[in-house]
1. Quick one: in the range 56-73, of everything that is in a loop (DSSP other than H, G, I, E, B) and at pLDDT below 85, which residue is farthest from Thr101 (Cα to Cα)?
2. Considering every residue within the range 146-169, establish whether at least one is exposed (fewer than 13 other Cβ atoms within 10 Å of the Cβ), in a loop (DSSP other than H, G, I, E, B) and modelled with pLDDT under 95.
3. Out of the residues in the range 30-55 that are surrounded by fewer than 17 Cβ atoms within 10 Å (Cβ to Cβ), among the hydrophobic types (A, V, I, L, M, F, W, C) and over 27 Å from Leu148 (Cα atoms), state the one that is modelled with the highest pLDDT.
4. Somewhere in the range 78-89, is a residue under 25 Å from Leu159 (Cβ atoms), crowded, with 18+ Cβ neighbours inside 10 Å, in contact with a helix residue (DSSP H, G or I) (Cβ under 7 Å, 6 or more places away or on another chain) and at pLDDT 80 or above?
5. Any residue in the range 47-62 that's in contact (Cβ under 8 Å) with a residue 40 or more places away in the chain: show its pairings with residues that are hydroxyl-bearing (Ser, Thr, Tyr) and in a loop (DSSP other than H, G, I, E, B) at Cβ separation under 6 Å, as long as the two are six or more apart or on different chains.
6. Leu134 - would you say it is at pLDDT 95 or above and in contact with a strand residue (DSSP E or B) (Cβ under 9 Å, 6 or more places away or on another chain)?
7. Look at Val99 and say whether it is assigned to a helix (DSSP H, G or I), touching a helix residue (DSSP H, G or I) at 6+ places or on another chain (Cβ under 9 Å) and modelled with pLDDT under 95.
8. Only one of (1) of a type in the set (D, E, K, R); (2) surrounded by 13 or more Cβ atoms within 10 Å (Cβ to Cβ); (3) more than 27 Å from Val22 (Cα to Cα) is not met by Asp109, so which one is it?
Amino acid sequence: MGCRGEGNMSSLIGHSLVGWTVGRSLPQFKRARSRLLWHSSLIVAAIAPDFDYLIPWLRRDGLRLTHSVSFALLVPLLASLCVVGHIRSQRIRAAGFLVLTGLSHLLLDLLVGVSALPLLWPLSEARFKLPFGLLPSAGKPSLTNIYLYQNLLIELGVLVPLSASLWVWQSGWRRRWIVIAGLLAVSAYFMHWAYGLSR
C-alpha cells in the first residue's frame with residue numbers, strides 16, 4: 001500500500017536528480033561560474049512544470065497546463081539563450097540536453113501512473129496516463145506522513161542507481177558492466193515495489 005501525494009506526481013527531489021545527472025553528461029567546465037549556471041539551468045528545466053504549484057491559475061479545472069509538451073519545452077529553450085554562450089564548443093548539444101531535461105519531467109510524472117497529463121495542450125485538452133506505474137507519487141508533505149518517506153525511498157531507489165550507472169559508464173572502469181548490471185538490478189527492484197503500490 002502507498003499513500004498518493006497531493007499532486008500524484010514525482011517529487012522535486014527526483015526531478016532535480018535527473019537535471020543534475022544530465023549535467024554530468026557534458027564535460028566539466030573550467031570556470032566554476034559556468035558549471036553552476038549549467039547545472040542550475042538543468043535543474044530549473046527539470047522542475048519547471050511544477051511551477052503551477054506557485055501560480056494556481058495554471059491549474060484551471062484540474063488541467064495542469066504546465067504539464068504539456070509545449071510548456072516543458074518553453075523553459076529549456078529560454079534557458080538555452082542564457083547558457084549556450086558559456087558552452088561555445090557544444091551549444092547545440094547543450095541546448096538539446098536542456099530540452100530533454102524539460103521533457104524528462106513529463107516522463108517521470110507519466111511513470112507514476114496516477115494523474116492524466118494534458119500533453120498536447122494548447123492543441124488539445126486530451127489527457128494521457130499510463131495504465132501502470134514504475135514510480136511512486138510524491139507523498140503528502142507532512143513530517144508525520146510515513147508514506148512521504150516510503151515513497152521518497154522508492155523513488156530514489158529507482159533513480160539513484162540509474163544516475164550512478166551513467167557515472168560508472170563514463171568512468172572507463174574495465175569491469176563497469178558488472179557494476180552497472182548490479183545498479184540496474186537495484187533500480188528494477190524498486191520499480192517492482194512501486195508497481196505494486198495501490199493507485
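1. Keep residues of the range 56-73 that are in a loop (DSSP other than H, G, I, E, B), which gives 61-62, 65-68.
This time we only want the ones that are at pLDDT below 85, so: 61-62.
Details: Asp61: 27, Gly62: 24 Å.
Of everything passing the filter in the range 56-73, Asp61 is farthest from Thr101 (Cα to Cα).
2. no
3. Leu36
4. No, the range 78-89 has no match at all.
5. Pairs found: Pro49/Thr66.
6. Numbers: at pLDDT 95 or above: yes; in contact with a strand residue (DSSP E or B) (Cβ under 9 Å, 6 or more places away or on another chain): no.
Criteria not met by Leu134.
7. Values: assigned to a helix (DSSP H, G or I): yes; touching a helix residue (DSSP H, G or I) at 6+ places or on another chain (Cβ under 9 Å): yes; modelled with pLDDT under 95: yes.
Judged against the criteria, Val99 is a match.
8. (3)
The values are calculated or read from the model by the stated rules, or taken from the named source; none is laboratory data. Quick caveat: nothing in here was measured; it's all calculated off a predicted structure. Quick reminder, even Gly has a Cβ in these numbers, built from the backbone with ideal geometry, and neighbours come from all protein chains shown.
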